[in-house]
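Notes to accompany the following structure.
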Amino acid sequence: MPDSDPIWVFESQTDGDRSKGAAATALKRDGAELGQAQGIAGNSYAIPTRDKDNNPLEWPDIGRSVQEFRDHVSDNPSVSFKLFPGSARRTADEHVQFSELFRNMPADCDLPGRTLEILGRSNVVRIILLDANIRAVDMDARKTASDQVFTANEGLWGPGDTEIVSYGAAHTLVANDLYAKSRGYKHRIIDVGTERYGDDAKQVLEMLSIAYATQLVCIDDPDGTNTSQQVSEIHLGACAGLEIDSVIIR
């Protein structure tokens, strides 16, 4: 399997439900099968973490499933894997406990940014800037509002790199690139081939950006309304355990 096309690893329910989140995309685009709670199918791998009623499984049961996945990764060193956050929320302590299950995962498994942060394997702060409606806001006011968050938090983030994470429309990429340069940050643009994911490309981009990021900063316009993208990404970010900040453009 080429590195550009990793196995899509997602959290599953014990009844093999595939109705939402990464599981739904795996069913539609990566060969996952309805009713299969665990293991490899097509270009996907399911790890059961919740029962048929979407209640969390006991930690020893989840741990055994993660160990089986680890063994599968170790047995297939030429294959790359990418773990996506689940679609249900966890407490901060639960995110730590879940992340610890992946501490000794082989390097060819790409773990979410928040997991790497918890495990101490990355000191890069990866931040998604999410606008309610970037076309309607004044760019100088947007920069001023963003500066408030970054100036207040840089001391807490420590000496590591700070990276702005972007995806989607060109005007968003340009605005974030200008802002990243103004503060001396790196700028990571998340992209995906539409020829593979078709109408699901936007949703996949959201999941990829959340899987990569460690934080989410919402830039809110008091005169605007939240877009469906903003609502969706805030939900995904909360499920992934990202720190979520909000700043209001004045």
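The values are calculated or read from the model by the stated rules, or taken from the named source; none is laboratory data. A quick note: this is a predicted structure, and the numbers were derived from the prediction, not measured. Ideal geometry is used to build each Cβ from the backbone, glycine not excepted, and the neighbour counts take in all protein chains shown.
Annotations
- Candidates in the range 221-250 are the residues that are surrounded by fewer than 19 Cβ atoms within 10 Å (Cβ to Cβ) and charged (D, E, K, R); of these, the one that is farthest from VAL149 (Cα to Cα) is ASP223.
- Here ALA211 meets the list (1) out of contact with any Lys or Arg (no Cβ under 8 Å at 6 or more places or on another chain); (2) in contact (Cβ under 8 Å) with a residue 24 or more places away in the chain; (3) under 21 Å from GLY113 (Cα atoms); (4) surrounded by 14 or more Cβ atoms within 10 Å (Cβ to Cβ) almost entirely, failing just condition (1).
- Qualifying residue in the range 8-15 (condition: under 24 Å from ALA213 (Cβ atoms) and either assigned to a loop (DSSP other than H, G, I, E, B) or modelled with pLDDT under 90 (or both)): no
- The residue that is nearest to ASP140 (Cα to Cα), counting only those in the range 153-206 that are at pLDDT 85 or above and of a type in the set (Phe, Trp, Tyr), is TYR179.
- Check on VAL96, of a type in the set (Val, Ile, Thr) and buried (at least 16 other Cβ atoms within 10 Å of the Cβ): no
- Verdict on HIS95 being in contact (Cβ under 8 Å) with a residue 60 or more places away in the chain, not assigned by TED's automatic domain parsing to the domain that holds VAL174 and not in a loop (DSSP other than H, G, I, E, B): yes
Per-residue answers, yes or no, for (1) in contact (Cβ under 8 Å) with a residue 24 or more places away in the chain; (2) assigned by TED's automatic domain parsing to the domain that holds LEU208; (3) not hydroxyl-bearing (Ser, Thr, Tyr):
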position	(1), (2), (3)
GLU11	yes, no, yes
LEU34	no, no, yes
ALA37	yes, no, yes
ALA41	no, no, yes
ALA46	yes, no, yes
LYS52	yes, no, yes
SER65	yes, no, no
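- In the set VAL174, VAL217, VAL192, VAL165, only one residue is among the aliphatic types (A, V, I, L, M), without any contact (Cβ under 8 Å) to a residue 24 or more places away in the chain and not in a helix (DSSP H, G or I); that residue is VAL192.
- Test: residue in the range 97-106 that is over 24 Å from THR194 (Cβ atoms), in contact with a Cys (Cβ under 8 Å, 6 or more places away or on another chain) and hydrophobic (A, V, I, L, M, F, W, C): yes
- Meets criteria (at pLDDT 95 or above, exposed (fewer than 15 other Cβ atoms within 10 Å of the Cβ) and not in a strand (DSSP E or B)) for ASP53: no
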